[in-house]
Amino acid sequence: MNREKLIKNWLIPALIAIAVFAVFNPSLKGEFLNWDDLGNTVENLKYRAGWGEVIKWSFTSFYREHFMPVSWIIFAGIYKIWGLYPFGYHLISLIFHITTAIALYFLALKLIKSKLGSLFAALFFALQPLRVEAVSWVSAWAYPICGFFSILTILSLSQIYRIKKNPTWRSHRQMAGSRSLLVFFDISIFSLSLTLKIHRNQFTGSFIYT
């Protein structure tokens, strides 16, 4: 891929990243809040143990009535790097939110074939006020994570449909698409089990309308 094509393909995603960072970067100065943050971080010793204990606890715990082992493991990784410094937790949430917006742009581009329309869709999703809680509240860190992998799941599914319509692409590409779909699907539901409801409706609709 030459330089001009690379710039052409990634200019809009770069603009999306800049816009989202510009809007949400004040959250990097945020502190832990009394709304669950203290219970999930300062008072919770489970995710701050050794990796073996963290992984075992993450996959066997319904801490505060949620099953989200991948999110807890990422949370543990943040603690290993930043300790109880809130900046690291906010930074990772913001990074996941930015990458989700970019992934959504590419998904929209596959569906509507319009760069301008896809840009609008990505920014509408990323910058609306409903995103503030999920990105800026430390205890909502699982939502940006599962959102990112959910979009990748849908992207993989759309790739499989594209392969089905073009028989010359089958074999190894179809297998690769199926594997990526399974991997991203599993990561998304293990990031936040509530995501399973979304994917259930998504796959049900896919089988009905295709």
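From the list Leu11, Leu28, Leu6, which one is within 19 Å of the chain's Cα centre (by Cα) and under 30 Å from Phe120 (Cα atoms)? Lay out the reasoning, then the answer.
Numbers: Leu11 fails: within 19 Å of the chain's Cα centre (by Cα); Leu6 fails: within 19 Å of the chain's Cα centre (by Cα).
Result of the check over Leu11, Leu28, Leu6: Leu28.
Among the residues in the stretch 93-104, are any more than 12 Å from the chain's Cα centre (by Cα) and either modelled with pLDDT of 95 or more or part of a helix (DSSP H, G or I) (or both)? It would help to see each step written out before you state the result.
Of all residues in the stretch 93-104, those more than 12 Å from the chain's Cα centre (by Cα) come to none.
No: zero hits.
Within the stretch 62-71, the set of residues being surrounded by 13 or more Cβ atoms within 10 Å (Cβ to Cβ), over 14 Å from Ile189 (Cβ atoms) and either under 14 Å from the mean Cα position of the chain (by Cα) or among the acidic types (Asp, Glu) (or both) is empty. Within the bounds of the stretch 72-93, is there any residue that is closer than 19 Å to Ala122 by Cβ and surrounded by 13 or more Cβ atoms within 10 Å (Cβ to Cβ)? Yes.
Output the residues belonging to the stretch 26-37 that are farther than 20 Å from Leu192 by Cα and either in contact with a Lys or Arg (Cβ under 6 Å, 6 or more places away or on another chain) or of a type outside the set (Ser, Thr, Tyr) (or both). Steps first, answer last, please.
Within the stretch 26-37, the subset farther than 20 Å from Leu192 by Cα is 26-34.
Answer for the stretch 26-37, where residues must be farther than 20 Å from Leu192 by Cα and either in contact with a Lys or Arg (Cβ under 6 Å, 6 or more places away or on another chain) or of a type outside the set (Ser, Thr, Tyr) (or both): Pro26, Leu28, Lys29, Gly30, Glu31, Phe32, Leu33, Asn34.
Could you check, for the stretch 1-11, whether at least one of its residues is touching a residue at least 24 places away in the same chain (Cβ under 8 Å) and not in a loop (DSSP other than H, G, I, E, B)? So that I can check it myself, show each step before the final result.
We begin by selecting, within the stretch 1-11, every residue touching a residue at least 24 places away in the same chain (Cβ under 8 Å); these are none.
Looking for residues that are touching a residue at least 24 places away in the same chain (Cβ under 8 Å) and not in a loop (DSSP other than H, G, I, E, B), one finds none in the stretch 1-11, hence no.
Among Tyr89, Tyr47, which is among the aromatic types (Phe, Trp, Tyr), more than 17 Å from Ser188 (Cα to Cα), assigned to a helix (DSSP H, G or I) and over 16 Å from the mean Cα position of the chain (by Cα)?
Details: Tyr89 fails: over 16 Å from the mean Cα position of the chain (by Cα).
Tyr47 is the lone residue from the list that is among the aromatic types (Phe, Trp, Tyr), more than 17 Å from Ser188 (Cα to Cα), assigned to a helix (DSSP H, G or I) and over 16 Å from the mean Cα position of the chain (by Cα).
Tell me, please, whether a residue that is assigned to a helix (DSSP H, G or I), among the aromatic types (Phe, Trp, Tyr) and farther than 30 Å from Asn44 by Cβ can be found in the stretch 132-149. There is no residue in the stretch 132-149 that is assigned to a helix (DSSP H, G or I), among the aromatic types (Phe, Trp, Tyr) and farther than 30 Å from Asn44 by Cβ. Report whether or not Ala121 is surrounded by 20 or more Cβ atoms within 10 Å (Cβ to Cβ) and among the hydrophobic types (A, V, I, L, M, F, W, C). No, not satisfied. From the list Phe67, Phe21, Phe59, the one residue that fits, being part of a loop (DSSP other than H, G, I, E, B) and of a type outside the set (A, V, I, L, M), is Phe67. Within the stretch 52-61, restricting attention to residues that are polar (S, T, N, Q) and either in contact with a helix residue (DSSP H, G or I) (Cβ under 8 Å, 6 or more places away or on another chain) or closer than 14 Å to Ile187 by Cβ (or both), the residue that is surrounded by the most Cβ atoms within 10 Å (Cβ to Cβ) is Ser58. Counting only residues that are among the β-branched types (Val, Ile, Thr), under 19 Å from Lys29 (Cβ atoms) and in contact with a Pro (Cβ under 8 Å, 6 or more places away or on another chain), the stretch 93-140 holds 2 of them.
The values are calculated or read from the model by the stated rules, or taken from the named source; none is laboratory data. This is a predicted model, so every value here is computed, not measured. For neighbour counting, all protein chains shown are included, and Cβ atoms are generated from backbone atoms with ideal geometry for every residue, glycine included.
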